[in-house]
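Read through the structure below, which is laid out as structure tokens, and then see the notes.
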Amino acid sequence: MTEQADTAHDTASYKAIFTAAFDLAAEMPWPQVALDDIYRRAGLSDAGTTRPYRCKLSLLLGFASWVDEEVAAMAGEADDLAPRDRLFDLLMLRFDVLNPYRDGVTAIVKSLPSMPMTAFAGGPGLAKSMRTTLTQAGVSTAGLAGMLRGKGLAFVYLTAVRAWLDDDSLDLSATMKALDQGLVKAEELAISVGLASSGSAEE
């Protein structure tokens, strides 16, 4: 089997695991979902079958990393878009990747108050994702200013996530509106406090 075929097989396996996990999360409370149930639903229950995740938390963190990889593969070049427009496109790509799993994601998000360790463990991954998004948009993440930009973008993104969870429109119009408004306000605030980026990720 070629390396390309191996990669395709691995990608299919991971997607099967994620689909099984979020389908089950939509069907029953996430704390009641067993890892064995996920692998069984994904068709990976045979003895000796590779199981990349040893717990549900590592699976969720792996899913977050996979979303980052999918967005990066879909993003392409920044072209001549302004940073705010580029950030909008990149974050909407995240929702495009997440959409097939929305029912399960919604169920898990609603369970987070009872799972503080899961919520806490996701923080560093979100921060990394937002720094990567800023860099892809040509915005510097260096120094204190870059850290604050990352925190601001995370707040904007989470606000848009709340809209996305209830957005039943085909074009995600409510999500786009929330994201656009959040980015506009964040840009205005950044300018007012001197954190606006000149657009270079090398600053």
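Couple of notes before you dig in:
- This ranking places ASP80, ASP68 by how few other beta-carbon atoms lie within 10 Å of each, fewest first, which gives ASP80, ASP68.
- Average Cα contact separation per residue, the chain, under 8 Å, 6 or more apart, as relative contact order %: 21
- Couplings 3J(HN,Hα) of the range 98-112, computed from phi: 6, 3, x, 10, 4, 4, x, 4, 4, 4, 5, 4, 5, 8, 4 Hz, in residue order, whole Hz [Karplus 6.51 cos²θ - 1.76 cosθ + 1.60, θ = phi - 60°; x for Gly and Pro].
- Among the GluC sites (Glu not before Pro) in the range 21-84, those placed in a DSSP loop whose Cβ has at most 16 other Cβ atoms within 10 Å are GLU77.
- Pairs of lysine residues in the range 3-192 - Cα separation under 21 Å, sequence separation of 8 or more or cross-chain: 7
- When the helices of the chain are scored as -39500 (n - 2.57) per DSSP H run of n ≥ 4 and the total is divided over every residue, the value at 222 nm lands at -23500 deg cm²/dmol.
- Rule-of-thumb Rg ratio for the range 3-192 [Cα; 2.2 N^0.38 Å; N residues]: 1.09
Only the coordinates and a few stated rules stand behind these numbers; no lab work does. Quantities reported herein were computed from a predicted structural model and do not represent experimental measurements. Glycine gets a Cβ as well: all are built from the backbone with ideal geometry, and neighbour counts include every protein chain shown.
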